[in-house]
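The values are calculated or read from the model by the stated rules, or taken from the named source; none is laboratory data. If you're wondering where the values come from, they're calculated on a predicted model, not measured in any experiment. Cβ placement follows ideal geometry from the backbone for every residue including glycine, while neighbour counts extend to all protein chains displayed. The area values use the complete protein model at the heavy-atom level, side chains included, leaving out ligands, DNA and RNA. Shrake-Rupley method; radii C 1.70, N 1.55, O 1.52, S 1.80 Å.
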Amino acid sequence: MTNRGVGIGMKITGMGAALPEKVITNEDLTAFMDTSDEWIRERTGISQRRIGGTTSGLAIEAGQKALDESGVDPLEIELLIVATTTPDYIMPATAPAVAHELGLDCGAFDVAAVCSGFAYAITVAQGYLAQGLTKILVIGADTMERITDYTDRGTGILFANGAGAAVVEADETGEGQILGWDLGANGKYVHILYSEHDDTMVMDGKEVFRQAVKVMRQSTMKTLEMAGLTVDDVDIIVPHQANVRIVESAWKKLGFSMDKTLMVLNETGNTSAASIPLCLDRGLSQDRIKTGDNVLMLGFGAGMTWASVLLRWNGITTHTAGF
Ligand code: ACO
């Protein structure tokens, strides 16, 4: 197999998370929706979610925390990638405004791959490290509230706002590196989850569930094959946080255990591109990621899109500024 960019050193040297203040519990939803706390927790694993804020505002807050932790001077950052599906404007992209507020002086663009966005963006960062950059800020930020109808019990129970950020640096030792990755998209399934301009999301939840379980398994196997590793070699799994039952169903087929899995869904709901970095942030706060661990980030979302990245960890292992 050709190299495909693996073997280039990469490490995460700072993480940051941002959630808006307003909490909506399942109980709160019952005031205007025919549902119950018990149903939502059993069928999704979600107890509460956060709304409010703007995509750029949350991205700036998370990005600042990640920069602070890394100790990297904003002027040393050579590229900003913001993964989002809910940009502040149709144009321009969100990244230039975020770069400006953070004091960066570099290229800045958005990646739109919905809930796969952060994992997609990590592979984009990897490509730029291979081209010689050494310090990149990657942020996943979404305000799904803006395209969610909170009276629709199919989608209103799931989606929310948040942001997570990572300072990604070249690792000259090569100890930290992407061992394997896979990106995918299948536009045949556009219709199962979409939002038109100035409208809210339309979702065929059952079909999204089915496809998600399928692509999570397939993508993981491709990434492990590229890495020449097996399921047992994965130390920590960071799945997109959509529904705990999706994760459990995929894990049954893959043979992964929930013990190795980072989850924040219960508190955050589905924050789209923010969910994987929020999980990483939480995992680091709980000292669950160690040097040398093989960390699998696994995203899927509307498109359908999917992405998996296996990163051998050589970045920060302690983190005090978690959410
Ligand atoms: N509260 C109470 N009852 C409900 C609710 C609710 N919120 N929603 C549906 N029901 C009812 C249904 O009406 C149905 O009742 P019936 O049997 O009398 O007809 C029953 O519960 C079962 O409904 P289902 O639709 O079969 O429920 P399901 O178990 O599939 O759960 C859900 C629905 C949670 C939406 C699930 O399908 C799901 O999570 N799908 C994946 C969605 C997802 O993850 N999307 C994001 C992808 S990532 C991205 O790109 C953004």
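Values as computed for the structure displayed
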| item | result |
| --- | --- |
| Search result, residues across the stretch 298-323 that are in a loop (DSSP other than H, G, I, E, B) and under 22 Å from Gly71 (Cβ atoms) | Trp313, Asn314, Gly315, Ile316, Thr317, Thr318, His319, Thr320, Ala321, Gly322, Phe323 |
| Identity of the residue in the stretch 37-57, of a type outside the set (Lys, Arg) and open to solvent by less than 10 Å² (accessible area, probe 1.4 Å), that ends up nearest to Thr134 (Cα to Cα) | Thr55 |
| Residue list for the stretch 264-292, filter: open to solvent by 20 Å² or more (accessible area, probe 1.4 Å) and either of a type in the set (A, V, I, L, M, F, W, C) or away from the ligand (no atom under 16 Å from the Cβ) (or both) | Glu267, Arg282, Ser285, Gln286, Asp287, Arg288, Lys290, Thr291, Gly292 |
| Residue match in the stretch 157-164 (condition: small (Gly, Ala, Ser), over 18 Å from the mean Cα position of the chain (by Cα) and within 23 Å of Thr13 (Cα to Cα)) | no |
| Given (1) closer than 16 Å to Ala59 by Cα; (2) open to solvent by 40 Å² or more (accessible area, probe 1.4 Å); (3) of a type in the set (A, V, I, L, M, F, W, C), number of the condition Leu133 does not satisfy | (1) |
| Enumerated helices (runs of 4 or more DSSP H) restricted to the stretch 1-96, each holding at least 2 residues that are more than 14 Å from the ligand (Cβ to nearest atom) | 55-70 |
| Criterion violated by Lys222 - all others in (1) under 20 Å from the mean Cα position of the chain (by Cα); (2) open to solvent by less than 20 Å² (accessible area, probe 1.4 Å) satisfied | (2) |
| Whichever residue in the stretch 186-201 is of a type in the set (A, V, I, L, M) and either crowded, with 16+ Cβ neighbours inside 10 Å or under 18 Å from Thr44 (Cβ atoms) (or both) and, among such residues, is nearest to the ligand (Cβ to nearest atom) | Leu193 |
| Pair list, Cβ < 7 Å and 6+ apart or interchain, from the stretch 200-224 residues that are within 14 Å of Trp306 (Cα to Cα) to residues that are acidic (Asp, Glu) and more than 8 Å from the ligand (Cβ to nearest atom) | Ser219/Asp182; Lys222/Asp182; Thr223/Asp182 |
